[in-house]
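Only one structure is covered here, and it is reproduced in the block below.
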Amino acid sequence: MNSHSVKTLEVNEVISGSLIQNVVESSNGYPSLETVSTSTRIPEQRVEALREVLEKHRGDRQIVLLQDFPDPDALASAWAYQLIAQQYNIQGDIIYAGAISHQENIALVKLTGLPVKRLNLQNIREKDLQGYQGCVLIDNQGTTCQLMQLVRQAEIPITVVIDHHTLQEDLSPEFLDIRPSTRATATILTQYLQAGLLKLDSSISEHVKCATALTHGIRSDTNRLMQAQEEDFLAAGYLSRYYDAQLLNAVLQTYRSKRVMDVIQRSLTNRIVKNNFSIAGVGYLRYEDRDAIPQAADFLVTEENVHTALVYGIVHDEDEELEVVIGSLRTTKLTLDPDEFIKEAFGQDSHGRFFGGGRMSAGGFEIPLGFLCGFTENAEFAKRKWDIFDTQIKQKLLRLVNPKDNLLSPEEKR
Ligand SMILES: [Mn+2]
């Protein structure tokens, strides 16, 4: 099933911006005609630049840092990077500090044996990071990783950043590949594989599993390929030679827990729809149910006449006595930039950091409750606290959603 090996995929002729046709020898021995768009291929200089950086760090140990709540795109892409880096005798440890909470993500990690480790922020010391010669950020730029502060304190240099979120801050890594218009980081990593940084082999189970994870990553960041662009299809097409369809099916065959269903139900009951925006506060949630928020937003955005859904709630982490408002945005409106929208709506904290951001079609925000944390066991106080946050978030959002405002396109101002 994984053996559609195509022996050569050499581009014979490059005609900028147009289609190139090249003859490839397929596994059945007959030549087949394949067309590749030049715009979807990774520039040779960039591949060479990554190769050079990896070569320079041969033998290093690197921390491959994921966002606190890693999604399939992040997990799969980090794994692909790890396998690429292995070729250079680099040991990349894939690390996150938060939780893998979405059932599908748990299934992905368990079923593929994806080598990811959680570091508990409570126990970790600066010296635990001393063994690393470099930090690699995949599908994030450090702004969504609690561990980033420790990495900075330990003065670990940022070696590689590969991401598709808008440029957050200047990290000046040795190698940077940020492509906000690319739908999935897994697409970018697949292009590096295709460019020859690692030759996938369908007889190596780890490769098959990683190709399966990458396929899942592309699928999940493109709304099951419905928002995929040509480059995503091409990447998925390439992976289809190696991936295990049954394994992917098993990963996708996971069900929503009752608690996630409850949150989705609350979002449905509480939603207000204004100017095609659906806004819902879902109250308090347990830390491990945090992923119910984006799932609820995914659901609300499917309602007719809704192009953008925003769902938020107060997430309570009992271990760390922390409370934080967590919110998710999903949009099908092409002209709405989630990153801009969230930054505009919530602004910055006292350190000048934005409360959130986004990429194409999705965004998120986190607002720590700070001084107002705790005492939630007092039902009356908990209710008042929620009311205040709920009201304030709605006020901030409606300021943007309201047609009187200048921030919407002219046709919506009428
Ligand atoms: Mn992503």
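The values are calculated or read from the model by the stated rules, or taken from the named source; none is laboratory data. For clarity, every value in this text was computed on a predicted model and none was experimentally measured. Every residue, glycine as well, gets a Cβ built from its backbone with ideal geometry; the counts of neighbours run over all protein chains shown.
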Checking Lys274 against (1) surrounded by fewer than 22 Cβ atoms within 10 Å (Cβ to Cβ); (2) not assigned by TED's automatic domain parsing to the domain that holds Ser361, only one condition comes out false. Which one?
(2)
Looking at Leu372 and the list (1) without any contact (Cβ under 8 Å) to a residue 40 or more places away in the chain; (2) surrounded by 13 or more Cβ atoms within 10 Å (Cβ to Cβ), which single condition is not satisfied?
(1)
Of all residues being more than 16 Å from the ligand (Cβ to nearest atom) and among the basic types (Lys, Arg) in segment 202-251, which is surrounded by the fewest Cβ atoms within 10 Å (Cβ to Cβ)? Just the residue, please.
Arg241
Could you list, ordered by first residue, the pairs with Cβ atoms under 8 Å in which the first is in segment 58-69 and under 16 Å from Asn120 (Cα atoms) and in contact (Cβ under 8 Å) with a residue 40 or more places away in the chain and the second is in a loop (DSSP other than H, G, I, E, B) and among the aromatic types (Phe, Trp, Tyr), at least 6 apart or interchain?
Ile63/Tyr132
Residue within segment 184-198 that is in contact with a Gly (Cβ under 7 Å, 6 or more places away or on another chain), in a strand (DSSP E or B) and in the same structural domain as Ile94 (by TED's automatic domain parsing) present
no
I'd like to verify a number: residues in segment 159-183 that are over 17 Å from Thr144 (Cα atoms), β-branched (Val, Ile, Thr) and either within 11 Å of the ligand (Cβ to nearest atom) or outside the structural domain of Leu54 (by TED's automatic domain parsing) (or both), how many?
1
Would you confirm, using the coordinates I've provided, whether Gln149 is more than 13 Å from the ligand (Cβ to nearest atom), in the same structural domain as Gln227 (by TED's automatic domain parsing) and either of a type in the set (Ser, Thr, Tyr) or assigned to a helix (DSSP H, G or I) (or both)?
yes
Just to verify a result, which residue in segment 47-69, among those that are modelled with pLDDT of 95 or more and farther than 21 Å from Ile156 by Cα, is farthest from the ligand (Cβ to nearest atom)?
Glu48
Among the numbered criteria (1) away from the ligand (no atom under 16 Å from the Cβ); (2) touching a helix residue (DSSP H, G or I) at 6+ places or on another chain (Cβ under 8 Å); (3) over 17 Å from Ala211 (Cβ atoms), which one does Thr112 miss?
(3)
Glu304 is checked against (1) surrounded by fewer than 21 Cβ atoms within 10 Å (Cβ to Cβ); (2) modelled with pLDDT of 95 or more and fails just one. What number does that condition carry?
(2)
